[in-house]
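Engineer: To start, I am sharing the structure in question, which I have written as structure tokens.
The values are calculated or read from the model by the stated rules, or taken from the named source; none is laboratory data. Small disclaimer: the values here were computed from a predicted structure and weren't measured. Here the Cβ positions follow ideal geometry from the backbone for every residue, glycine too, while neighbour counts run over all protein chains shown.
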Amino acid sequence: MDSLEYEGDITNRTQNDYIKLLEDRLKELEIENEKLKKEIEFYKSEVEKSSTPPLIEAIVMEVLEDGRVIVKSSSGPNLIVSVSSKLNVQKLRPGDIVALNQRGSAIVDILPKIYDPYIRAFEVIERPNVNYQEIGGLDEEIRELREVIELPLTNPEHFMRLGIEPPKGVLLYGPPGVGKTLLAKAVATESKATFIRLVASELAQKYVGEGARLVKEIFRMARSKAPSIIFIDEIDSIASKRLDITTNGEREIHRTMLQLLAEMDGFDPLDKVKIIGATNRIDILDPAILRPGRFDRIIEIGLPDFSGRIKIFNIYLSRMSIYNINVNKLAEITAGFTGADIKYLCTEAGLVAIRKGKTVIEMEDFLEAFKYISKKRLRNINWERRGYW
């Protein structure tokens, strides 16, 4: 190969490398261009979002024949508004939550049904994991509760065939720790119902009308999750007897109670929603909430008797590592104990065994724990008499 051919070959290779370099650079620029286009689109959408006026939340009250809709806006008044052409007015139903355009107040979107954030804070268990076998000494109370709560939820046809209405609600009353909450959870488990638990004091809100609104939201959620059981603990905090002389706070609590009574009156007893109330102070409840048609069945949950305490001990002892335990002796010395007290005694006996380095719990550990608890209970009684609490 002469010098001219060699120089030409080098020139061709140099040109090919340069063209390849340009092609690679062009691909890089195209990729960068696409990336910049996406960034421009993103910032355009952000500018549109920031410049878009906010929408007003409203609730549909009624759909008129001419296609307009009566809504209650979150800003206060009821409005008669039109519907955007993008939406089908036939899909609107009373109670739907919609979004209104701020300028013309037209309905521009149908919002999903949401629950108040306070409602979401309540304990909602789709299926509790407590059954009747975990409750000892309350056989008669369980039978009554099954008749008036579980049976209407699982077999309503029995009541329809006989032409009678089952109770809408049941009130459980008795001292603390006797198993009122456990009973409510167990009946929800057996009836395969959603368990909605709230403490009544949570309904006492700061602003006027908030408590009543929460009550409405609770019942709305219960109907949407039916079959369901609403368990209102410490119901005496909002349902105490009304007095002639009241403060603004007490009047607001009474409004909440009236809304609760209205909700209880407003649903069918054969609906898939039942109410269970619980209180330690039935003596201070307002007569209006105790009348038939609201809490029809009132069940006293008392202290367990001797056989009841044996059953409760057997339930807790079945989960523990024990040796040579005299259950009859334990049931005899724990007269006046509630189910919660017996559970506390078992826990305390376990702590005594751990303190001694044992791998099983013996009778002497239970007796030592019983002496400790008895001294503590006596000290609390003396302090109460002296006015410390």
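Engineer: Conditions first: (1) more than 18 Å from Ala186 (Cβ to Cβ); (2) touching a Pro at 6+ places or on another chain (Cβ under 7 Å); (3) assigned to a helix (DSSP H, G or I). Asp265 passes all but one, so which condition is the exception?
Structural biologist: Asp265 satisfies all of (1) more than 18 Å from Ala186 (Cβ to Cβ); (2) touching a Pro at 6+ places or on another chain (Cβ under 7 Å); (3) assigned to a helix (DSSP H, G or I) except (2).
Engineer: On the basis of being at pLDDT 85 or above, farther than 25 Å from Glu134 by Cβ and surrounded by fewer than 18 Cβ atoms within 10 Å (Cβ to Cβ), does Lys375 make the cut?
Structural biologist: On the way: at pLDDT 85 or above: no; farther than 25 Å from Glu134 by Cβ: yes; surrounded by fewer than 18 Cβ atoms within 10 Å (Cβ to Cβ): yes.
Judged against the criteria, Lys375 is not a match.
Engineer: If I ask for residues that are farther than 16 Å from Pro227 by Cβ and over 23 Å from the mean Cα position of the chain (by Cα), which ones from segment 161-198 would you list? Write out each step before concluding.
Structural biologist: First pass over segment 161-198, keeping only residues farther than 16 Å from Pro227 by Cβ: 161-165, 171-183, 198.
Listed by number, the residues that qualify are Arg161, Leu162, Gly163, Ile164, Glu165, Gly174, Pro175.
Engineer: Checking Cys346 against (1) of a type outside the set (Val, Ile, Thr); (2) surrounded by fewer than 18 Cβ atoms within 10 Å (Cβ to Cβ); (3) more than 29 Å from Ile196 (Cα to Cα), only one condition comes out false. Which one?
Structural biologist: (2)
Engineer: Among (1) outside the structural domain of Arg377 (by TED's automatic domain parsing); (2) more than 17 Å from Leu172 (Cβ to Cβ); (3) buried (at least 17 other Cβ atoms within 10 Å of the Cβ); (4) not hydrophobic (A, V, I, L, M, F, W, C), which single condition is Lys311 missing?
Structural biologist: Single failed check for Lys311: (1).
Engineer: Next question. Go through segment 159-185 and count every residue that is touching a Leu at 6+ places or on another chain (Cβ under 8 Å), farther than 15 Å from Leu138 by Cα and surrounded by 17 or more Cβ atoms within 10 Å (Cβ to Cβ).
Structural biologist: So the count comes out to 3.
Engineer: Also, I was wondering about something else. Please go through segment 328-342 and give me each residue that is over 15 Å from Tyr372 (Cβ atoms) and in a helix (DSSP H, G or I), ordered by number.
Structural biologist: Step one: filter segment 328-342 for residues over 15 Å from Tyr372 (Cβ atoms), giving 328-329, 331-332, 335-336, 338-340.
The answer is Asn328, Lys329, Ala331, Glu332, Gly339, Ala340.
Conditions (1) surrounded by 10 or more Cβ atoms within 10 Å (Cβ to Cβ); (2) part of a strand (DSSP E or B); (3) in contact with a helix residue (DSSP H, G or I) (Cβ under 6 Å, 6 or more places away or on another chain), marked per residue:
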site: Leu21; (1), (2), (3): yes, no, no
site: Arg25; (1), (2), (3): yes, no, no
site: Lys37; (1), (2), (3): yes, no, no
site: Val47; (1), (2), (3): yes, no, no
site: Val60; (1), (2), (3): yes, yes, no
site: Ile80; (1), (2), (3): yes, yes, no
site: Gln90; (1), (2), (3): no, no, no
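Engineer: Among the residues of segment 319-332, is any more than 24 Å from Glu234 (Cα to Cα), modelled with pLDDT under 90 and under 28 Å from the mean Cα position of the chain (by Cα)?
Structural biologist: No.
Engineer: If you take the residues of segment 92-127 that are modelled with pLDDT under 75 and not in a loop (DSSP other than H, G, I, E, B), which of them is surrounded by the most Cβ atoms within 10 Å (Cβ to Cβ)?
Structural biologist: This residue is Ile119.
Engineer: All but one of (1) buried (at least 17 other Cβ atoms within 10 Å of the Cβ); (2) free of Cβ contacts under 8 Å to residues at least 60 places away in the same chain; (3) β-branched (Val, Ile, Thr) hold for Ile229; state the number of the condition that does not hold.
Structural biologist: (2)
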